[in-house]
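Participant: What follows is a structure written as structure tokens; I'll ask about it next.
The values are calculated or read from the model by the stated rules, or taken from the named source; none is laboratory data. As the structure is a computational prediction, the values presented were derived from the model and not from experiment. Positions of Cβ are generated from backbone atoms using ideal geometry, with glycine treated the same way; all protein chains shown enter the neighbour counts. Note: areas computed on protein heavy atoms with side chains; ligands, DNA, RNA excluded. Shrake-Rupley method; radii C 1.70, N 1.55, O 1.52, S 1.80 Å.
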Amino acid sequence: MHTPDPAPFDFTGRHVFVAGGSSGINLAIARAYAAHGADVSLLSRSPDKLAVAAGQVRVHGHRVGSHAADVRDYAATEAALAAAAQAFGPIDVLVSGAAGNFIAPALGMSSNGFRTVVDIDLVGTFNVLRASHAHLRRPGASLINISAPQARNPTALQAHACAAKAGVDMLTRVLAMEWAADGIRVNGIAPGPIGDTEGVRRLAPDEGARARMLASIPLARFGELADVANMALVLGSALAGFVTGAIIPVDGGSSLQGGRDLSPTLSEA
Ligand code: NAP
Ligand code: COA
């Protein structure tokens, strides 16, 4: 008979590394883990953003490390992961969420514009996971890639992000297979539109676009940062110990929009 863990979200003594952790959704995940006792390492490009973010994570009184690196630079990413593991020990939970985005039609983006987003989101995720492997707790580490609806839904003006995030999801599944023997789980979270984030500001820059976005969410609200952070806590905990290779939507039902609702037809009959 399985004995339930009395405190599945106590991450005291655990090391959580968050790539792209200096703002938005990833920072919220970092703060949630710190609030539950973890030592947290943050990676992003900007030392200034990292300093502000570390201050917000640190209010909970646990150890916080900052590592300025660009995930497109494998050597810098590898050095950051090594330094983090040297400081706080093997990594128990790794979040890969660094991303870049802008709205443009394929004919409105240069090859370099397309490549830039693919490099940050997809190659960056490969770099973070590849370089982390030597420093992961084995067995037991939980890796969480931050996906997006674009991975599943062809989205006009998002050729780069759709291609990149679809690749991220496939990487999640492949590494879940390759690293299962080491006792490492690899999963994804696909957030829907999360209010007050850079992602939504870029994709819905005015009120009309925000209203259309809201109308596409069956639960009829924008997501909150805590909605995504809560799922990250679950995936990083032993409660998800048999979950690997899963990409979990946290989107108020947005990913159901390919389905059909015939209730208006019935009410009109
Ligand atoms: P955000 O606040 O802009 O966060 C992006 C983070 O990535 C920042 O910490 C940024 O810091 C870092 N970053 C960007 N380029 C980097 C690079 N080359 N190397 C290292 N770090 C880099 O965005 P967000 O809206 O919260 O999105 C966070 C994640 O959620 C992304 O993966 C995004 O695709 C996903 N997502 C967001 C939404 C949404 O509603 N916002 C929906 C679905 C999926 P620096 O500038 O300091 O590098
Ligand atoms: N439309 C078309 N092309 C664009 C563009 C836009 N709105 N914004 C950037 N590009 C192109 C640039 O013109 C450049 O291509 P070029 O060399 O052929 O002119 C290429 O993209 C790279 O731009 P650059 O500004 O040099 O890239 P960067 O590495 O400094 O920044 C971005 C990457 C563009 C993604 C930047 O917006 C960023 O850092 N974003 C992080 C935050 C973010 O996007 N958050 C939301 C996450 S979902």
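Participant: Please pick out the residue among 183, 252 that is more than 16 Å from ligand 2 (Cβ to nearest atom), at positive phi and surrounded by 19 or more Cβ atoms within 10 Å (Cβ to Cβ).
Facilitator: 252
Participant: Looking only at region 164-177, filter to residues that are over 24 Å from residue 239 (Cβ atoms) and surrounded by fewer than 16 Cβ atoms within 10 Å (Cβ to Cβ); which one of those is farthest from ligand 1 (Cβ to nearest atom)?
Facilitator: That would be 174.
Participant: Another one. Kindly indicate which of 80, 87 is crowded, with 23+ Cβ neighbours inside 10 Å and in a helix (DSSP H, G or I).
Facilitator: 80
Participant: Does residue 222 fit the bill of being closer than 20 Å to residue 10 by Cα and either in contact with a Phe, Trp or Tyr (Cβ under 6 Å, 6 or more places away or on another chain) or free of Cβ contacts under 8 Å to residues at least 40 places away in the same chain (or both)? Talk me through it step by step, then tell me what you get.
Facilitator: On the way: closer than 20 Å to residue 10 by Cα: no; either in contact with a Phe, Trp or Tyr (Cβ under 6 Å, 6 or more places away or on another chain) or free of Cβ contacts under 8 Å to residues at least 40 places away in the same chain (or both): yes.
No.
Participant: Within region 120-136, identify whether any single residue is outside any helix (DSSP H, G or I) and surrounded by fewer than 15 Cβ atoms within 10 Å (Cβ to Cβ), and answer yes or no. Steps first, answer last, please.
Facilitator: Of the residues in region 120-136, the ones outside any helix (DSSP H, G or I) are 136.
The next check asks that each one be surrounded by fewer than 15 Cβ atoms within 10 Å (Cβ to Cβ); those that pass are none.
No, there is no match, as no residue in region 120-136 is outside any helix (DSSP H, G or I) and surrounded by fewer than 15 Cβ atoms within 10 Å (Cβ to Cβ).
Participant: Given the condition more than 16 Å from ligand 2 (Cβ to nearest atom), of a type in the set (D, E, K, R), part of a loop (DSSP other than H, G, I, E, B) and over 22 Å from residue 188 (Cα atoms), answer yes or no: does some residue in region 13-22 qualify? Reasoning before the result, please.
Facilitator: Filtering region 13-22 down to residues more than 16 Å from ligand 2 (Cβ to nearest atom) leaves 13-17.
Add one more test, that the residue is of a type in the set (D, E, K, R), and what stays is 14.
Filter once more, keeping what is part of a loop (DSSP other than H, G, I, E, B): 14.
Going one step further and asking which of them are over 22 Å from residue 188 (Cα atoms), we end up with none.
No: region 13-22 contains no residue that is more than 16 Å from ligand 2 (Cβ to nearest atom), of a type in the set (D, E, K, R), part of a loop (DSSP other than H, G, I, E, B) and over 22 Å from residue 188 (Cα atoms).
Participant: Continuing with this model, one more query. Would you point out the residue of region 214-247, among those that are open to solvent by less than 40 Å² (accessible area, probe 1.4 Å) and in a helix (DSSP H, G or I), that is nearest to ligand 2 (Cβ to nearest atom)?
Facilitator: 228
Participant: Hey, could you check region 63-95 for residues that are more than 26 Å from residue 123 (Cβ to Cβ) and free of Cβ contacts under 8 Å to residues at least 40 places away in the same chain and say which is farthest from ligand 1 (Cβ to nearest atom)?
Facilitator: Across region 63-95, the extreme among qualifying residues is 63.
Participant: Only one of (1) of a type in the set (A, V, I, L, M); (2) within 9 Å of ligand 1 (Cβ to nearest atom); (3) touching a residue at least 60 places away in the same chain (Cβ under 8 Å); (4) open to solvent by less than 40 Å² (accessible area, probe 1.4 Å) is not met by residue 99, so which one is it?
Facilitator: Here residue 99 meets the rest and fails (4).
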